[in-house]
Structure formats: C-alpha cells, structure tokens
Amino acid sequence: MRPPEKMMIYNLFPLLAGTFSDWEGHLSRAAGMGFNWVFVNPIQMTGRSGSIYSIADYFDFNPLFLDRESSLAPREQVKAAVASAERMGLRVMVDLVINHCSVDSNLLKDHPEWFIWEGKGGVAHPFADENGKKVVWKDLAKFDHRNTRDKEGLYGLCLRIVTFLIELGFTGFRCDAAYQLPRSFWERLIHETREKHPDVLFFAETLGCPPDLTIKTARAGFDYIFNSSKWWDFRSPWLMKQYVLTRDIVPSISFPESHDTVRLCEELNGNVDGLKQRYLFAALFSGGLMMPMGFEFGFRKKPHVVKTRPEDWEETAIDLTDYVRRVNEMKSSHVIFQEDASTELPHCDNPNILLMWKASSHTPEESLLIMNKDIYNSQHFYTEDLQTYLQTGTPLGDISPEYRLDNVPAPFSYELRPGQGIVLTTSRSPVPEEE
C-alpha cells in the first residue's frame with residue numbers, strides 16, 4: 001500500500017496575487033504556515049470576457065500577470081515564480097481547463113470539429129444548475145471529447161497543454177470539471193503523462209456530481225478528489241456516506257472555503273471561532289487540505305474570475321497565520337491525518353458536540369476529535385472513560401492546536417469554548433509478525 005502524501009495546499013488566486021514577480025511574498029507566507037503545495041488558478045490568455053476560466057490561447061499568458069518591468073520573457077517569468085516556490089519547499093499545481101475554452105478562441109475557426117454544436121449552428125455552452133436556476137456561461141465553448149470525428153487531434157491538443165505546463169515547472173493539475181470528460185480520455189492522458197513525468201499528480205474536480213460518477217472518474221487514475229465537507233452541517237449522514245464510498249478508491253481534499261464559494265468569514269459575520277473550527281475540521285477530516293489565499297486574514301470579498309485585482313487585498317483585524325501553522329504542523333506530523341482513514345462518528349449525549357474517531361491504515365495511530373459544533377456558546381462534554389471510544393487501552397495524548405491538556409484524565413469533564421476542538425491521539429499495539 002502506497003504511503004499517503006502530505007497534501008496541504010495553499011490556493012494562490014492569481015488575480016489577487018498580481019504579477020508573477022509579486023508571487024514570492026505570498027509563497028513565502030504559505031511556506032511559513034506549513035503548506036507544501038500551491039494551487040494556482042488559470043494563468044493563460046483569456047478571451048474577451050476576461051474570465052480566467054475562459055481560455056483563448058493555451059500557450060500564451062494573461063497580460064495581467066506579466067511584470068512589464070521584468071527583463072525576463074513571459075515564459076521565464078512563470079518559470080522563475082515556480083522555481084521560487086520550489087526553493088521554499090512548495091510544489092505547484094495549476095488548473096487544467098480542457099472541458100471548454102473561450103467562445104472567441106481561434107480554435108473554433110481552426111478546428112470546428114472539436115466542439116459540440118447545437119441545432120441552430122451555435123456552439124454549445126457549459127451550464128450548471130444553481131439553486132434550481134439554469135446558469136449558462138456564454139463566454140465558453142464546449143469541447144466534444146466524446147463524439148468528435150478528430151479525437152486524436154483534440155487529445156493531442158490536451159497532451160500538448162499538459163506538456164507545456166510541465167515544462168514551466170508545474171507538477172500537479174487540478175482538472176476542472178473532470179467528470180465531464182470520458183474516463184478513457186483521462187486514463188490515456190494520465191498514463192502517457194506519467195510515462196515521461198512519473199512524479200506529476202492529477203486532482204479531479206468532481207464537486208456537484210453524484211458519488212457513482214465521482215467514483216468512475218477517480219478510477220481513471222486520479223491521485224485525489226475534492227470532497228464536500230465544506231457544506232456539512234455536522235449532523236446529516238450524507239457526508240460520511242460519500243466518504244465511505246470513495247475513501248478506498250482515492251483520497252480526498254477538504255477545504256473550509258474555495259474560490260467558488262462565499263468567503264467563510266462573510267458567512268459567519270466575522271466569527272473567528274467559526275473560522276478556526278472549520279479549518280481544524282477540514283484538516284482532520286480527510287487526507288488532503290486546501291485553503292484559499294486570504295482565509296488566514298478573514299477576507300470577506302469572494303474572489304471574482306474577471307474583476308478581482310491586487311487592490312482588492314483586504315486590511316482586517318484577523319490574523320490566523322499562527323493558528324493555521326499549528327494545525328498544519330499537527331497534520332504534517334501524524335500519518336493518520338494524511339490519509340482518508342477509517343472514520344466513525346460516535347454518539348454523544350450532548351448534541352452540540354461532534355465526536356470523530358479515526359484509525360490509520362498505515363500506522364497504529366488512532367485519534368479522537370471532540371469538537372464544539374456551537375461557535376457562539378460553550379458546551380460541556382463528560383464521559384466516564386474516553387477509552388470506550390477507542391480500540392486501544394494505551395494512554396491518550398492531547399495534540400490540539402490550542403489549549404492543549406498536559407494530561408487526559410478519567411473521568412473526562414471539559415467545558416469546550418465556542419467552536420473549540422480537542423484532538424487526542426494514541427497508538428494501538430502493533431501486531432507481531434508471524435515467524
């Protein structure tokens with residue numbers, strides 16, 4: 001069994017970060033918080049809409065990201081930024097957007113056979129259902145990966161895009177709307193890429209699709225998927241059902257917010273206890289963790305794929321960088337939090353407290369999270385013996401990022417602060433090998 005990766009991702013949103021020359025300060029901050037990966041949204045030349053997800057030329061760059069005072073050519077500016085990240089111990093992944101391109105890309109004129117065309121002769125646009133309303137992205141044109149009469153030509157374009165980005169230094173790809181492309185396409189692309197670049201990782205963006213389609217997509221060879229824990233209410237059974245279905249197939253990545261969601265600080269009206277609670281849960285729930293730029297400072301403006309600029313950087317009274325660093329350090333130090341481990345949610349007499357038990361498949365570690373679901377009020381937790389929640393009788397240690405206990409007593413009685421999580425670990429006795 002392959003040991004789990006350390007997967008702690010900082011999402012550098014390029015429209016907010018600025019030019020490639022401006023990335024270094026953000027990368028340094030990410031490395032200082034203990035992240036080991038950086039995810040960058042699309043950096044290529046956009047179409048008329050200006051959306052970074054509406055790519056017109058896959059082999060040229062968005063002029064907003066070019067430093068016009070730099071003596072380096074555009075490609076060299078990108079390479080320098082990625083190399084800077086690597087020197088700080090950060091691997092860099094980038095968005096791979098190949099389910100659609102800009103509606104005004106020259107590709108539509110040069111290769112109309114690569115696209116889906118509708119009855120009246122117009123190119124098909126991607127769409128989504130948002131709260132019962134059909135939203136159509138008219139600045140995008142859908143590639144026809146399933147039925148194009150020139151599958152080799154379209155596949156060849158995608159392979160060239162991947163190769164181009166690898167040559168710039170990127171070693172990971174977040175594959176946008178991966179479930180919309182055939183499994184056979186991904187199997188081939190991942191396999192042929194890894195023949196030459198075995199260390200490259202592929203991350204499937206499958207949010208919003210049914211679990212069976214997520215599983216089908218993941219089996220194409222993806223290294224990670226993104227889970228939906230951000231939307232869990234700490235009560236409903238759906239999250240654990242999804243987790244059980246996918247955890248043995250592919251590990252997943254949690255996040256407290258993303259560039260697609262409303263900022264959590266805005267949702268919680270500035271409640272710092274809630275920000276800490278959600279970050280800790282995301283870090284512990286699954287093997288991977290992602291945090292978008294600005295979360296550490298309680299930003300409230302949702303990133304915009306067209307309008308965001310470096311001037312939108314917010315000055316706040318919130319600074320969670322030290323808390324994030326301590327959580328990341330805890331995750332990095334324990335294999336159990338780097339895998340989609342066996343997980344159960346034991347019953348608690350206090351419905352405002354979440355208990356989450358995990359057992360590692362790679363080490364003898366077990367963990368127990370005791371978390372206050374209530375981010376506004378303290379909640380009391382009591383048990384005669386915490387060992388009843390575990391499979392081992394060995395002593396528990398507290399590795400919580402805040403308010404750490406020197407010893408874990410029995411019986412255990414504790415007044416949890418609003419949103420507080422207590423993280424306890426222990427180790428099962430290893431099974432002796434047969435002679």
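Each reported figure results from applying straightforward, stated rules to the coordinates on display, with no laboratory input. As the structure is a prediction and not an experimental result, all values here were calculated from the model. Positions of Cβ are backbone-derived with ideal geometry, glycine not excepted, and every protein chain shown enters the neighbour counts.
Could the peptides 314-322, 38-46, 355-363, 3-11 be put in order, highest first, of the mean number of other beta-carbon atoms found within 10 Å of their residues?
38-46, 3-11, 355-363, 314-322
Treating only the Cβ atoms of Lys and Arg (+1) and Asp and Glu (-1) as charged, compute the dipole magnitude of the range 189-340 about its Cα centre; round to the nearest 20 debye.
Taking the Cα centre of the range 189-340 as origin, the dipole is about 300 debye.
State the answer as a single residue: which of 50, 284, 317 lies farthest towards the positive end of the charge dipole of the range 7-340, with beta carbon charges of +1 for Lys and Arg and -1 for Asp and Glu, about the Cα centre.
So the residue we want is 284.
How about the range 37-91: which trypsin sites (Lys or Arg not before Pro) there lie in a loop by DSSP and see at most 11 other Cβ atoms within 10 Å?
Those satisfying the criteria are 48, 68.
May I ask which of 120/151; 138/230; 230/302; 241/331 have a Cα-Cα span longer than 19 Å here?
Long pairs (Cα-Cα over 19 Å): 120/151; 138/230; 241/331.
Test of the criteria: in the range 65-161, which GluC sites (Glu not before Pro) are in a DSSP loop and have at most 10 other Cβ atoms within 10 angstrom of their Cβ?
Filter output for the range 65-161: 69, 118.
Restricting to bridges with both residues inside the range 124-246, how much of the DSSP beta-bridge set is antiparallel, in percent to the nearest 5?
40 percent
Which listed residue (343, 218, 328) has the Cα farthest towards the positive end of the charge dipole for the chain, taking +1 on Lys and Arg C-beta and -1 on Asp and Glu C-beta about the Cα centre?
The one lying farthest along the dipole's positive direction is 218.
When a/c is below 1.5 the answer is rounded, else prolate if a/b is larger than b/c, else oblate, so apply that to the range 254-318 with a ≥ b ≥ c taken from the square roots of the Cα gyration tensor eigenvalues.
oblate
Using the C-alpha atoms of the range 344-427, what convex hull volume per residue, in cubic angstrom, is computed?
For the range 344-427, the hull spanned by Cα atoms encloses 91 Å³ per residue.
Count the DSSP beta bridges whose two residues both fall in the chain, then state the antiparallel fraction as a percent rounded to the nearest 5.
Given both bridge residues lie in the chain, the antiparallel proportion sits at roughly 55 percent.
So, counting K/R as plus one and D/E as minus one, what does the shell of residues with Cβ under 13 Å around residue 118 add up to?
Overall, the nearby charge balance is +2.
Taking 0.36 nm per residue of sequence separation and subtracting the Cα-Cα distance, how much length would be gained by fully extending the chain between residue 24 and residue 388, in nm to one decimal?
Stretched fully, the residue 24-residue 388 segment lengthens by 126.2 nm.
Which value in deg cm²/dmol, rounded to the nearest 500, describes the helix-derived mean residue ellipticity at 222 nm for the chain, given -39,500 (n - 2.57) per DSSP H run of n ≥ 4 and division by the residue count?
After summing the helix terms and dividing by the residues of the chain, the value is -7500 deg cm²/dmol.
With θ taken as phi - 60° and the coefficients 6.51, -1.76 and 1.60, list the Karplus ³J(HN,Hα) couplings across the range 273-287 in order, rounded to whole Hz; mark glycine and proline as x.
Values per residue, Gly and Pro as x: 4, x, 4, 5, 4, 5, 5, 4, 5, 4, 5, 8, 5, 9, x Hz.
Mind ranking 13-19, 372-378, 296-302 by how tightly packed they are, going by the mean number of other C-beta atoms within 10 angstrom, highest first?
13-19, 296-302, 372-378
In sequence order, what are the phi-derived ³J(HN,Hα) couplings for the range 37-42 according to the Karplus relation 6.51 cos²θ - 1.76 cosθ + 1.60 with θ = phi - 60°, rounded to whole Hz, with x for glycine and proline?
3J(HN,Hα) across the range 37-42, in whole Hz: 9, 10, 9, 10, 5, x.
Where the convex hull is taken over the Cα atoms of the range 7-340, what is its projected area averaged over directions, in nm²?
With the hull built on Cα positions only, its mean projection is 17.3 nm².
What net charge is computed for the residues neighbouring residue 99, neighbours being all others with C-beta under 13 Å from the C-beta of residue 99, Lys and Arg scored +1, Asp and Glu -1?
-1
For the range 3-120, max minus min Cα coordinate along each principal axis, in Å, sorted largest first?
54, 43, 20
Ignoring solvent entirely, what values of log10 I(q)/I(0) come out of the Debye formula for the range 112-241 at 0.22 Å⁻¹ when each Cα is a single scatterer?
Results for the range 112-241 at q = 0.22 Å⁻¹ read -1.39.
Could you tell me which of 20, 304, 78 has its Cα farthest along the dipole of the chain towards the positive end, charges placed at Cβ (Lys, Arg +1; Asp, Glu -1), taken about the Cα centre?
The one lying farthest along the dipole's positive direction is 304.
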